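These notes concern the structure reproduced below.
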Amino acid sequence: MKKVFLGLIVIVVVGTIGYFFKDPIFDYFRSGQIPELSSEMPPTTKQLFAVSIDNSPEARPQSGLAVADVVIETLAEGGVTRFLAFYSSASDSPTEKIGPVRSARPYFVDWAFGQTAVLAHSGGSKEALEKIENTDGLFDANEFYNEKYYWRDAKLRAPHNLFTSMKLLGELAEKKNWETDPLLPFTHHERTTWQGGAEERIR
């Protein structure tokens, strides 16, 4: 009981000193004003799409990478990398052309499923297709079975000419009643444009 009483005395003394010596934490009490908490929050993701994008020399320049919310680059095979680009339907810059879309890899399946994203791809490695088949709850937008939601650019050489868009993927998700619930809160603020030059050295 004695310790509790002494503890209360210490709290009162410290609080009094802080108040009279204008500690910032007491500013609101001195002014009699309570800070207003804004109820306006940035829009969160309604649908999330993860698109497998080609990065072979023949595929460059790609379309839509600049407006992706998250881009993961990883080795595919033969020393060539591939992107898994995430796009949310709450984006303030919905892109009309994403690609070139290429085949999936097993780790793409893991990353898309981990965020409950719609996985957009064209076929995949044997391991990836097996994982897709055995992953319950995966939103699989394989172009092989959903070709109306993709198109080929006749000016480019296959297989580096397959594209999709957020609008088309959104229509597919709506048709399939896919509702994504990503673990990360993909919120959107005003975008800034990268002004550096490092990307020009990437080959």
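If you take the Cα centroid of region 47-97 and the Cα centroid of region 115-179, the two points sit 13 Å apart.
Which of the residue pairs Lys131/Lys176; Lys46/Lys97; Lys97/Lys155; Lys97/Lys131; Lys46/Lys126; Lys97/Lys176 have a Cα-Cα distance greater than 23 Å in the structure shown? From Lys131/Lys176; Lys46/Lys97; Lys97/Lys155; Lys97/Lys131; Lys46/Lys126; Lys97/Lys176, over 23 Å: Lys97/Lys131; Lys46/Lys126. Model label points for Arg60 and Asp181, set 7 angstrom from Cα along the Cα-to-Cβ axis, are 4.1 nm apart.
Once you have a ≥ b ≥ c as the square roots of the Cα gyration tensor eigenvalues for region 48-184, tell me rounded if a/c is under 1.5, and otherwise prolate or oblate according to whether a/b is larger than b/c. Rounded, since a/c falls under 1.5.
With K and R counted +1 and D and E -1, the other residues having a Cβ less than 12 Å from that of Gly137 yield a net charge of -4.
Computed from the coordinates by the stated procedures, all read-outs in this text should not be read as laboratory data. Small disclaimer: the values here were computed from a predicted structure and weren't measured. Virtual Cβ from ideal backbone geometry, glycine too; neighbours counted across all protein chains shown.
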